[in-house]
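Worksheet: one structure, shown below.
What follows is calculated from the coordinates using simple rules that are stated; it is not laboratory data. None of these values were measured; they are calculated from a predicted model. FYI the Cβ positions are ideal-geometry reconstructions off the backbone, even for glycines, and counts take in every protein chain you see.
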Amino acid sequence: MDHSQEIQENSGIDTITSRVPKSVTIDGFVCDICCEDEPGLQTFALKCDHRFCLDCYRHYVTQKIKEEGESGRIQCPADKCKVLVDSRAVTFLSNEATLHRFVSFLISFFGAYILILHQVS
Ligand SMILES: [Zn+2]
Ligand SMILES: [Zn+2]
């Protein structure tokens, strides 16, 4: 089976890179959920600008999808904020986790491949 084609079809990488929602790093940012403040921390916010670290946002959205299904009614994690996480942001946040799994898969896959090549030559 041709694995590379299967990976491309399943990864959704094209849609991730061309979509608008993006994580950003902000100097001096402290996440209200996990209190993380390390430099270079990836953060995410909706139009309401309630900003949390990407890990917390991703965890929150993933958890909501697990609990309630992808109903499109996921609200901003901030207390009492009624802004909904729009579908593109949901896609971004949930695919981000998939992407991370995908990248670590690629690394182990090609790592093993390079090892084999090395042994043959
Ligand atoms: Zn956090
Ligand atoms: Zn909000």
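Structure summary
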item: Whole-Hz ³J(HN,Hα) from phi, Karplus 6.51 cos²θ - 1.76 cosθ + 1.60, for segment 83-89, glycine and proline x; result: 5, 8, 6, 5, 4, 5, 5
item: Stretchable slack from Ser87 to Arg73, in nm (0.36 nm times residue separation minus alpha-carbon distance); result: 4.1 nm
item: In sequence order, calculated HN-Hα J values of segment 54-59 (Karplus, 6.51, -1.76, 1.60; Hz; x Gly/Pro); result: 4, 4, 5, 4, 5, 4
item: Loop-resident sites, segment 25-79, for trypsin sites (Lys or Arg not before Pro), counting at most 15 other Cβ within 10 Å (DSSP); result: Lys47, Arg73
item: Placed amide H near Gln42: partners under 5 Å, 5+ positions off or other chain; result: Leu54
